[in-house]
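Participant: Shown below is the structure under consideration.
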Amino acid sequence: MNEQDEALKQVLQRAAPGPTDCELKRDLWPEMRQRLDRPPVQISWGDWALAAALLLCLLLFPESIPAVLYLL
Amino acid sequence: MVEAELERFTLGDIQAFETLFQEYQGEVYGWIIRIVHDSGTAEDLTIETFWRIYRARARFDPCRPFGAWARRIATNLALEHLSRRRRERPLDSSPIGAPGTGTPDPAIRADVYSKVLAAFDELPAKLRVTARLAMIEERPYAEIADALGISTNGVKSRVFRAIRRLRKSLEKRGVRP
C-alpha cells in the first residue's frame with residue numbers, strides 16, 4: 001500500500017470503525033438445538049397431485065396460462 | 001478438537017456437534033460481526049452457519065481444520081446477507097473523533113466521514129467485505145483468502161479494486177483523502 005492508500009485506510013478506519021465488542025454474550029446452543037429439532041418441511045402427496053394436475057392443465061390448455069398468472 | 005470427535009461429527013453424532021458448537025460459536029460469531037456489524041444479525045448468521053455445517057457434515061474431511069471450514073461458510077453467509085441488504089448499518093454508526101486528521105472542524109470531519117461511509121457502502125458486497133477485513137479490521141491477507149476461498153493475490157486484487165472505486169466515488173463527492 002502506498003502513502004495515499006494508507007491515508008484512505010486511516011480515514012476509512014475512523015469513518016467506519018469496526019465493532020468495539022466482538023465477544024459472544026450468550027450461549028447459542030439452545031437455539032441451535034431448536035433448529036435441529038425442527039421437523040423438515042414435507043410436501044404431502046395431495047400437494048404433489050395438485051401441482052401435477054395444474055401442470056397438466058397448463059400443457060393441455062396453454063391459453064389458460066394468462067388467467068392462471070392473473071389469479072396468482 | 002480430537003480427530004475422532006470430528007469423525008463422529010461427520011457421522012451425525014449430535015454430541016460431537018454440540019462440542020464443536022461450544023468450541024467454535026464464539027470464533028464464528030466474532031468473525032461474522034466483523035463483517036455485518038450487528039450483534040443480532042451476527043447471532044442469527046452464527047446459527048445459520050452451524051446449521052449449514054451440520055447439513056454438510058458428510059462432506060467435511062476430519063483431517064482438515066474445522067475452524068477454517070466454519071469461517072468460510074460463515075463468510076459466504078455474511079456475503080449473502082450483505083448482498084441482500086445493500087445498506088450496512090454499523091453497530092456504532094457515529095464516526096469516532098479523529099484527532100490529528102488535519103480537519104479541525106468536527107462538522108466538516110463528520111461530513112467527510114459520512115461521505116466516506118456512503119462511498120464504502122456503495123461498493124459491491126465482495127469488495128466491501130474484503131476491504132473491511134483487510135483495511136479496517138487489518139486481518140492477515142492469508143486469513144481473508146482462506147475465508148473467502150480465493151488466493152492471497154485475489155485478496156490483493158480486490159483490495160486494489162475497492163480502493164480505486166472508493167477513490168473515484170469520493171472524488172465525485174468532492175472528497176480527496
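Participant: Take the residues of the range B:137-177 that are loosely packed, with under 14 Cβ neighbours inside 10 Å and of a type in the set (D, E, K, R): which is nearest to A:ASN2 (Cα to Cα)?
Facilitator: Checking each candidate, the answer is B:ARG164.
Residue-by-condition table, conditions (1) assigned to a helix (DSSP H, G or I); (2) charged (D, E, K, R):
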| site | (1), (2) |
| --- | --- |
| B:GLU138 | no, yes |
| B:GLU143 | yes, yes |
| B:ILE150 | no, no |
| B:ASN153 | yes, no |
| B:SER157 | yes, no |
| B:ARG161 | yes, yes |
| B:ARG165 | yes, yes |
| B:SER169 | yes, no |
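Participant: Scanning the range B:20-35 for residues that are in contact (Cβ under 8 Å) with a residue 60 or more places away in the chain and at the interface with chain A (Cβ under 9 Å from one of its Cβ atoms), which turns out surrounded by the fewest Cβ atoms within 10 Å (Cβ to Cβ)?
Facilitator: Result: B:ARG34.
Participant: Can you find, within the range B:36-75, the residue that is farthest from B:ARG8 (Cα to Cα) among those that are without any contact (Cβ under 8 Å) to a residue 12 or more places away in the chain and assigned to a helix (DSSP H, G or I)?
Facilitator: Here the answer is B:GLY40.
Any read-out appearing in this document is the output of simple, stated calculations on the displayed coordinates, not a laboratory observation. Quick caveat: nothing in here was measured; it's all calculated off a predicted structure. All Cβ positions, glycine included, derive from the backbone under ideal geometry; neighbour counts span all protein chains shown.
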